[in-house]
Amino acid sequence: MDAQDQQLLRIVSEVLHYIWDPIQVSGVPQARDEYEGYVGLTYSLLRSGASETDISEHLQRIADERMGLPSRKQKADLAASVLVDWRDFLSGVGA
């Protein structure tokens, strides 16, 4: 994995924790790894060129189907937008 991929992986982890945060633990230091189980697939979708809509729907499904929570579409949309912006920035799209 090159430096750009490592950076994007770290960004995915940060965005899931601080922006998406469906169980609202971003202010709890002991819960920093709460969403790590979702980072890999989210990263893979992002690297495969998934759209903001695809990423948002993925995050909404996790909240609904795996966590049993309301999907919080707004937060999933925001997280997806930030992730796609970072992916594009790191890959030089729109630079």
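Only the coordinates and a few stated rules stand behind these numbers; no lab work does. All values reported here derive from a predicted model rather than from experimental measurement. Every residue, glycine among them, receives a Cβ derived from its backbone with ideal geometry; neighbour counts consider all protein chains shown.
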| request: Report the one residue of Ala50, Pro22, Gln6 whose Cα lies farthest in the direction of the positive end of the charge dipole of the range 1-75 (charges on C-beta: Lys and Arg +1, Asp and Glu -1; origin at the Cα centre). | output: Pro22
| field | Given charges at beta-carbon only (K, R positive; D, E negative), |dipole| of the chain in Debye | value | 120
| query | Over the chain, what relative contact order in percent results from Cα pairs under 8 Å that are six or more residues apart? | reply | 34
| Using Cα atoms only, what is the angle between the long axis of helix 73-91 and the major principal axis of the chain, expressed in degrees (0 to 90) to the nearest 10? | 20
| By the scheme Lys and Arg +1, Asp and Glu -1, what is the net charge of all other residues having a beta-carbon under 15 Å from that of Gln24? | +1
